[in-house]
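To keep things clear, I will list the structure first and then write my remarks on it.
The values are calculated or read from the model by the stated rules, or taken from the named source; none is laboratory data. All figures in this text were calculated on a predicted structure; none of them were measured in a lab. Here the Cβ positions follow ideal geometry from the backbone for every residue, glycine too, while neighbour counts run over all protein chains shown.
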């Protein structure tokens, strides 16, 4: 039997991110596991929590911050991971500009701004303009409500503890799929090309017409890509 597939969401994203994708995968017989929104003051804290609760072996896919956690997890416990998918993410260390932005968002939360408020401000870069709709915007904002202000604050702190994962990617040995949304304004396609070049034998698929939140914008394409990769990830 194939290992279960663990799907890690991005920052300020709940399991709702994967809803349409998981339906398609489960109908095809895939055992999908959805951890709660990422928790931990540091990336290592988050990895420790996941390693303590996940099965002995699993395929692992992560989007954005979930991809960053996935890279740290496979670096620390490669024997636990049978396949890796990195989506809408970035293997480089944070920039000073990013650290400043995250600090500003944490201050805003202290001053009464909500997770939903911050998510609403980011909508133009989370979803490709041509994919925006009242319905999709509300799904993205509902995820922020489900995550909540406290968890988002800890996720922002976690972001600042990221490290350059590129040296570790060069040591990844499991079948790896890189999913790069064509119109990702947060994690440009060239970052996904870089990861493809670092991980020997990995495969890059471009999600045409999608922005950062590809599982919501292009669920059919994401589900098909994951389903095509999973057989190679089985033990």
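Summary table
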quantity	calculated
Subset of region 4-16 [in contact with a strand residue (DSSP E or B) (Cβ under 8 Å, 6 or more places away or on another chain) and crowded, with 21+ Cβ neighbours inside 10 Å]	5, 6, 7, 8, 9, 10, 13
Test for residue 147: is it touching a residue at least 12 places away in the same chain (Cβ under 8 Å) and touching a strand residue (DSSP E or B) at 6+ places or on another chain (Cβ under 8 Å)	no
Selected residue (criterion: surrounded by the most Cβ atoms within 10 Å (Cβ to Cβ)) from residues of region 163-181 that are farther than 17 Å from residue 92 by Cα and touching a strand residue (DSSP E or B) at 6+ places or on another chain (Cβ under 9 Å)	181
Of all residues making up region 184-198, the number that are over 17 Å from residue 128 (Cα atoms) and in contact (Cβ under 8 Å) with a residue 40 or more places away in the chain	5
Flag if residue 209 is surrounded by fewer than 19 Cβ atoms within 10 Å (Cβ to Cβ), modelled with pLDDT of 95 or more, in contact with a strand residue (DSSP E or B) (Cβ under 9 Å, 6 or more places away or on another chain) and within 19 Å of residue 125 (Cα to Cα)	yes
